[in-house]
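This report concerns only the one structure given below.
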Amino acid sequence: MTEQNHYDIIVIGSGPAGFTAAIYAARGGASCALFGGVAPGGQLLQTTEIENFPGFVAPVVGADLMQSMLKQAARLGTKVFQEDAASVDLSARPFKVTAGAGKVYTAGALIIATGAQARWLGMPSEQKFVGKGVSGCATCDGFFFRGKEVAVIGGGDSAVEDALFLTKFASKVYLVHRRDELRANFRLQEKVKATPKIEVLYDHTPEEFLGDDRLKALKVKNVKTGETRTLELPGVFVAIGHTPSTKLFEGKLQLDDEGYIVTDERTATSVPGVYAAGDVMDTRYKQAVVAAGAGCKAAMEALVFLQESGR
Ligand code: NAP
């Protein structure tokens, strides 16, 4: 039997937006393939416990939630490829998706749900120590700092969640935030106040990452007084937001100044038949449940498009 290489709908991305799109596409009667990368699941793989995804009384582990979504999509008939989409051709229908291994697949409609990636500060000394004490993933690397002091950079939900998570291992966690109040939601802020192991350094920015072959210290500066201070610690976690993963679509779809895919309220992109859902187009909410909702919309719109334009 020859392997199928044309699908009604191809979904690129395997976070809540991608899997929800695939579930709705398959249930809508479309043949559907999803390119999910070598480790499908998206950003939620790096989250420990999720308390705000509806339907779970107790917190659900991010990786477990994503495994359930993958199995649900597959059970409903989606072909899940555990490889990346290496390139896309959106110049004519059927759209072409070249997979990592070089094989070309075609689709009548495309749903892009490639999400976003953690952002770095961009300082040369930071980049020098990535993987040698500087990390963008507390859930991946926190374990290595048992009994040690660490710092987290940022003041949003991610930074605060990381700081709370790191208290499981670290003896002390400095939360280094550039302003005098946290951006994180009220509930997380209350948790920080109730956690003596966390010290928030308000109005502080990182000045330099110090060390030789591994990180040994972080120099921080008080932006109000100009005073600097060196924190002797072997681990720094950078949690300052995300950049949309849209490199593949530069010059092919309309992107905004920050690189997010521009869509209308029905998830339609600048190319008819191509839809985008989740953090790759969401400049505001960036929540799993919102991404899932957008994935549902994208699939419903793609199904209508196929019906009206022919598969
Ligand atoms: P975010 O909300 O954009 O916060 C980024 C934080 O990093 C801000 O505090 C920002 O400071 C700081 N920052 C940005 N650039 C910086 C720089 N160059 N130097 C120093 N600090 C810098 O990003 P996020 O925390 O990753 O969250 C992204 C989205 O996901 C949000 O919508 C959030 O609600 C959501 N999220 C939700 C949950 C949850 O509900 N459980 C968990 C994680 C994330 P300023 O405050 O001064 O701008």
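The values are calculated or read from the model by the stated rules, or taken from the named source; none is laboratory data. Note that the structure is predicted; figures quoted are calculated from it, not measured. So basically every Cβ, Gly included, is an ideal-geometry build from the backbone, and we count neighbours across all protein chains shown. Just the protein is used for accessible areas: all its heavy atoms, side chains included, with ligands, DNA and RNA removed. Shrake-Rupley method; radii C 1.70, N 1.55, O 1.52, S 1.80 Å.
Here are a few things to note about the model shown:
- With every protein chain in place, region 156-252: carbon and sulfur % of accessible area (1.4 Å): 47 percent
- With the simple spin-label model, which puts each label point 7 Å out from Cα in the Cβ direction, the N185 to F56 separation comes to 1.3 nm.
- Loop-located trypsin sites (Lys or Arg not before Pro) in region 142-212 whose Cβ has at most 10 other Cβ within 10 Å (DSSP): R146
- Probe 1.4 Å, protein heavy atoms only - accessible area per residue of the chain in square angstrom: 49 Å²
- Note on M69: accessible area is roughly 20 Å² with a 1.4 Å probe, heavy atoms of protein only.
- Computed as a quarter of the hull surface, the mean projected area of the alpha carbon convex hull for region 167-279 stands at 11.1 nm².
- By the Cβ rule of 4.7 Å, the chain holds the following cysteines without a possible disulfide partner: C32, C296.
- Partner lysines for K191 [C-alpha distance under 22 Å; skip if fewer than 8 residues away on the same chain]: K148, K168, K172, K286
- For K224, a cut-off of 18 angstrom between C-alpha atoms picks up no lysines at all, skipping any fewer than 8 places away in its own chain.
- When the surface is traced with a 1.4 Å probe over the full set of protein chains, C140 keeps roughly 70 Å² accessible.
- Set of lysines near K128 by C-alpha distance (under 19 Å), chain-local residues within fewer than 8 positions excluded: K216, K219
- Descending principal axes extents, the chain, alpha-carbon based, whole Å: 65, 42, 37
- FRET efficiency estimate (nearest 0.05) - Cβ-Cβ, Q117 to D256, R0 22 angstrom: 0.85
- Scanning the chain for GluC sites (Glu not before Pro) that sit in a DSSP loop and have at most 16 other Cβ atoms within 10 Å, the longest stretch containing none of them is 84-180.
- Dividing the summed -39500 (n - 2.57) terms of all DSSP H runs of n ≥ 4 by the residue count of the chain sets its mean residue ellipticity at 222 nm at -7000 deg cm²/dmol.
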